[in-house]
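Beneath this line is the structure, given in structure tokens, with notes to follow.
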Amino acid sequence: MDIRAEIVTVHTKRTFAIARSSADTFERVVFELEDGNLTGRGEAEPTNYYGQNAEDARSALETAEIKDPWNIEGTLRENAHLPPASLAALDAALHDLTAKRLGVPVYRLLGLGRPTPTTAYTLGIADRQTTLEAARELSRSGFPIFKMKVGGREDIETVRAVAQESDAAIWVDANEAFSTDDAPDIVRELVEMGVAMIEQPVPATEGSDALKAVTEAAGSVPLIADESAITARDVPKLAGCVSGVNVKLAKCGGIRGAIAMIQTARAHDMKVMLGCMVETSLGIAAAAHVSGLIDFVDLDGAMLLADDPFEGLGYENGRILLPDRPGLGVNPA
């Protein structure tokens, strides 16, 4: 069993800005398990917010111990010390390799039907005219859902302008931008605009009570925890405080960690969102295979790229089309 971990640099089509940062270049780590003529692949998407970088993720993956790649659960337990993004890459590679050995897509390996998710397309923070032009272009391309990043009052007014002009459903993601004092009024304003979902308006450090206050302000509009919900262990304390949680493979350690979060959320009668970082089609594919279990899908990370190094996923009017191939279904371009 040969293993390889390589850092790849990808670029977004336009600068990707959220409340706490902006960038147009991202380093990702591609991890490979080679067994005979088959190769399992996974991607690590480390972020500074979670105290990870590409070099650390790569170095961690090079220490992975894989005694029996058929034993996915056991291998993940033995490597549970890896940082979450690195563990997610190992998890995806194990699923990819095993499904290829069996000649089935990963969703079949998991006992699921073939998913056909419709994803939101993210509009990063930008001036109002730039955002409106992007929204018009996306509408012409058939995208039915926009996820709009916000960080201040000007961005709220940009949401209003897009909502007045577009028929697309609008989700709003604040990435913890607002204070606990301001957030309830801002959320009520967004609800009046007709937004369909609101994500993490207050800092995770403020605790579940702060989230409960803005959830009550949102009324019937779902309020989703992202930065407050990292793994399945975080979900129970959020029950009754938010409508649901955002599951990201890079946060929770991969497909198995995602399924644990989904099951825990459902046990507490919560909604589930499936999110992503800016990542290649390799990373998006791993998440897409469990998307049939999800209420809100936000897997546009590869769509944002100018230079995706993998091929295999199809896109049509916001839908992600998984190929009928064994494994994750993507290959180096």
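One table, with the values for the structure above:
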item: Residues that are touching a Pro at 6+ places or on another chain (Cβ under 9 Å) and among the small types (Gly, Ala, Ser), drawn from region 23-58; result: 40, 44, 51, 54, 57
item: Residue in region 102-117 that is surrounded by the fewest Cβ atoms within 10 Å (Cβ to Cβ), counting only those that are of a type outside the set (A, V, I, L, M) and part of a helix (DSSP H, G or I); result: 108
item: Any hit, region 25-44, residues being of a type in the set (Asp, Glu), part of a helix (DSSP H, G or I), free of Cβ contacts under 8 Å to residues at least 40 places away in the same chain and out of contact with any Phe, Trp or Tyr (no Cβ under 9 Å at 6 or more places or on another chain); result: no
item: Qualifying residues in region 305-328 (those that are touching a residue at least 60 places away in the same chain (Cβ under 8 Å) and under 18 Å from the mean Cα position of the chain (by Cα)) - the one farthest from residue 169 (Cα to Cα); result: 328
item: Test result for residue 111, modelled with pLDDT of 95 or more and in contact with a Phe, Trp or Tyr (Cβ under 8 Å, 6 or more places away or on another chain); result: no
item: Residue in region 226-243 that is assigned to a helix (DSSP H, G or I) and in contact with a Cys (Cβ under 8 Å, 6 or more places away or on another chain) present; result: yes
item: Boolean, residue 228 is hydroxyl-bearing (Ser, Thr, Tyr) and within 24 Å of residue 290 (Cβ to Cβ); result: yes
item: Region 286-299 residues that are among the small types (Gly, Ala, Ser), paired with ones that are part of a strand (DSSP E or B) (beta carbon under 7 Å, 6 or more apart); result: 286/42; 287/274; 288/320; 291/274; 291/297
item: Subset of region 194-203 that is of a type in the set (A, V, I, L, M) and touching a strand residue (DSSP E or B) at 6+ places or on another chain (Cβ under 8 Å) - its residue that is surrounded by the most Cβ atoms within 10 Å (Cβ to Cβ); result: 198
item: Meets criteria (within 20 Å of residue 89 (Cβ to Cβ) and out of contact with any Cys (no Cβ under 6 Å at 6 or more places or on another chain)) for residue 317; result: no
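The values are calculated or read from the model by the stated rules, or taken from the named source; none is laboratory data. Everything numeric in this text was worked out from a predicted model, so none of it was measured. Neighbour counts run over all protein chains shown; Cβ positions are idealised from the backbone, glycine included.
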